[in-house]
Amino acid sequence: ANFSEQVVESFPSGISTGIYYGWACGGNGDVHKMVLSIGWNPFYKNIKKSVETHIIHTFKDDFYGEILSIVVVGYIRSEKNFSSLEALISAIQEDIEEAKRQLDLPEHFKLKEDNFFHLPEGKTVNH
């Protein structure tokens, strides 16, 4: 799930590029583990900074147009280039496994139930 250019531009400028982990809620309202990439994606030679969320869950349907809320919990590694698509895919799989391990820790798991994800019907928050 990629954030729009407008959302990317609103991220604090002091956030380092790289791979993060946390919680995401979109579509049906369930909260799932996620990995977040912030940066330029050098393997694809992007000219614009992007923020891409990989939700660690298989959805039955897409959720285009839905609000995606995220809580960034921690940092995995810096952004880097890869010599091949296979090396990139391998690194992504390692990032996902690290995110799962970290988010299972009690101090991180409790954030899944944070009130941020459970606003009263009709209320929105812009963070």
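The values are calculated or read from the model by the stated rules, or taken from the named source; none is laboratory data. Quick caveat, the model's predicted, so the values are computed rather than measured. Here Cβ is always computed from backbone atoms with ideal geometry, including for glycine, and neighbour counts include all displayed protein chains. Protein only, heavy atoms only, side chains kept; ligands, DNA and RNA dropped before computing areas. Shrake-Rupley method; radii C 1.70, N 1.55, O 1.52, S 1.80 Å.
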Test set (1) part of a strand (DSSP E or B); (2) in contact with a helix residue (DSSP H, G or I) (Cβ under 8 Å, 6 or more places away or on another chain) - Lys48 fails condition number: (1)
Filter pass, Ile76 being among the aliphatic types (A, V, I, L, M), within 10 Å of the chain's Cα centre (by Cα) and closer than 20 Å to Asp95 by Cβ: no
Residue in region 103-111 that is within 11 Å of Ile19 (Cα to Cα), of a type in the set (Asp, Glu) and either within 15 Å of the chain's Cα centre (by Cα) or part of a helix (DSSP H, G or I) (or both) present: no
Some residue of region 34-49 being closer than 16 Å to Glu97 by Cα and either free of Cβ contacts under 8 Å to residues at least 24 places away in the same chain or open to solvent by 90 Å² or more (accessible area, probe 1.4 Å) (or both): no
In region 1-19, the residues that are closer than 21 Å to Glu94 by Cα and open to solvent by less than 30 Å² (accessible area, probe 1.4 Å): Gly18, Ile19
Selection count where residues are out of contact with any Asp or Glu (no Cβ under 9 Å at 6 or more places or on another chain), on the phi < 0 side of the Ramachandran plot and modelled with pLDDT under 85, scope region 13-58: 5
Residue that is surrounded by the fewest Cβ atoms within 10 Å (Cβ to Cβ) [pool: residues in region 88-116 that are modelled with pLDDT under 95 and touching a helix residue (DSSP H, G or I) at 6+ places or on another chain (Cβ under 9 Å)]: Leu111
Residue count for region 52-82, restricted to those that are part of a loop (DSSP other than H, G, I, E, B) and touching a strand residue (DSSP E or B) at 6+ places or on another chain (Cβ under 8 Å): 7
